[in-house]
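Just below is one structure, and these are the notes that go with it.
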Amino acid sequence: MKKKEDFYEESWTGPCADCNGTGIVECDVCEGEGEYNSEVCTACNGDGGKKCPDCGGSGKATYHMGQKI
């Protein structure tokens with residue numbers, strides 16, 4: 001049985017896994033095209049990308065024991 005002192009929890013901050021550190025993800029409405037139904041996509045203003053919801057657009061995320069926190 002392990003002693004409490006032998007156990008450690010690993011936390012780290014690194015590139016966001018969802019946006020690969022860019023801070024931007026593909027628009028889920030127009031799928032990155034910038035147009036939806038032959039008109040400018042209103043969800044992304046025609047850019048094709050949106051601020052990453054996981055990291056808030058920073059491109060970095062904190063992980064604890066392999067899970068995003």
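All of the numbers you see were taken from the coordinates with simple rules; none came from a lab. The model shown is predicted, which means the values in this text are computed figures rather than measured ones. Cβ atoms come from the backbone with ideal geometry, glycine included; neighbour counts cover every protein chain shown.
Report the calculated FRET efficiency for GLU31 and LYS60 (r = Cβ-Cβ distance, R0 = 30 Å), to the nearest 0.05. Once rounded, the FRET efficiency stands at 0.75. At full extension, THR22 and ILE69 could sit 15.1 nm farther apart than now, given 0.36 nm per residue minus the alpha carbon distance.
Over 19 Å apart: what share of the alpha carbon pairs of the chain falls there, rounded to a whole percent?
Working: 1165 of 2346 pairs.
That fraction is 50 percent.
Structural descriptor for the chain: relative contact order 39 percent, calculated from alpha carbon pairs under 8 angstrom and at least 6 residues apart.
Lysine pairs in the chain 8 or more apart or on different chains: how many have alpha carbons under 21 angstrom apart? Display every interim value, and only then the final one.
Working: LYS50/LYS60; LYS50/LYS68; LYS51/LYS60; LYS51/LYS68; LYS60/LYS68.
Taking the Cα cut-off of 21 Å, the pair count is 5.
Model label points for ASP47 and SER11, set 7 angstrom from Cα along the Cα-to-Cβ axis, are 3.0 nm apart. Given +1 at the Cβ of Lys and Arg, -1 at the Cβ of Asp and Glu and no other charges, the dipole of the chain around its Cα centre is 540 debye to the nearest 20.
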